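A.B. asks: The following block contains the structure, expressed as structure tokens.
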Amino acid sequence: MWPFGKKKKQQADDAVADDAQTTQETSPESLADAPADSAADAPAADSSASSADAELSAPAHDAINGETGPFDGDSVNIEDFDFSEFSTGVLDLGSMRIPLPKKSQVQVEMGEKGPKMLHIVTVHGRMTPVAFAAPRKAGQWLESIDAIKQGMTRDGLEVHMEDGPWGPEVVGESDNGQVRVIGVDGPRWMLRMTTAAPKGKEADLLEHSHEVIARTFVYRGEDPILAGNSLPVVMPKQLVQQVQKAMEERKKQAAQQNSAQHPENSGQAKNAQDNEAAKKLLDDLDSEK
């Protein structure tokens, strides 16, 4: 499912072991299915529990010693992995490092005051990653599900839950497509991925988003950050330049719209400039006398 290479050191150790003896190994491909298998093998929910309780259960994710991500970047070195079959480059956001899928683009959504969200746009739809600070004890994702469901319902979506490799996923359906929110708890952090797929692309984007999450590294750091607050994002220089250009264009458009709606303002501004120039000329003449 997620065919990324083993750690380079592990590959060397395996080669030595193969020379000494033949052992039964699990391929990277089958290891990548481990989270899904863990979910299937998890103890069944108590039959007396409510359906809501059954939804709010998830297998523990090992972000440090596990075979798939999301990984804890403060403990696991991304350079030890080979993602070349899936990605052509890594998006470094400071608190997250995300191998970008082939044929994908990074899109910055602008708000009134500047950048609002960062999206990964693929041929199947859009993914929006956000990393949050979390308590030492896992469970922040499960606690946030109700609020997400309520928000989707207010937006007019038909909401249901589905089981994913890392536990419950919140799914909202509309006539135009599907919105899905996937969460994974790590050591003092939580990764949330929101996907938006047009009609007919839901299954493809779901697979793609699982592949991205499985390769994502989260860097919590040691700075004190309140649980529930998003981890700081540092945009690459190229993205910063794109954002600056977009903000300049927005200012120009706003100025043009203002002039078109209130042409008297442009005339008043011109008159003010002429008056200021005339005043300066008179001052200069007086000083020469």
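Where a number appears in this text, it was derived from the coordinates with a stated rule and is not lab data. Quantities reported herein were computed from a predicted structural model and do not represent experimental measurements. With ideal geometry, Cβ positions are generated from the backbone for all residues, glycine too; neighbour counts draw on all protein chains shown.
A.B. asks: How much length would be gained if the chain were fully extended between residue 251 and residue 207, taking 0.36 nm per residue of separation minus their Cα-Cα distance, in nm to one decimal?
C.D. replies: Values: separation 44, 0.36 × 44 = 15.84 nm, distance 3.95 nm.
Result for the pair: 11.9 nm of gain on full extension.
A.B. asks: Something else: Going by average Cβ neighbours within 10 Å, how do the peptides 126-136, 209-219 rank, with the highest at the top? Working shown, then result.
C.D. replies: Values: 126-136: 20.4, 209-219: 24.4.
Packing order, densest peptide first, comes out as 209-219, 126-136.
A.B. asks: Okay, moving on. Under the rule a/c < 1.5 gives rounded, and otherwise a/b versus b/c splits prolate from oblate, where does segment 170-239 land using the Cα gyration tensor?
C.D. replies: Details: a/c = 2.28, a/b = 1.90, b/c = 1.20.
Since a/c reaches 1.5 and a/b is larger than b/c, the shape of segment 170-239 is classed as prolate.
A.B. asks: Set the bar at 21 Å for Cα to Cα. Now go through 102/201; 201/245; 201/237; 116/237 and name every pair that lies beyond it.
C.D. replies: Exceeds cut-off: 201/245; 201/237.
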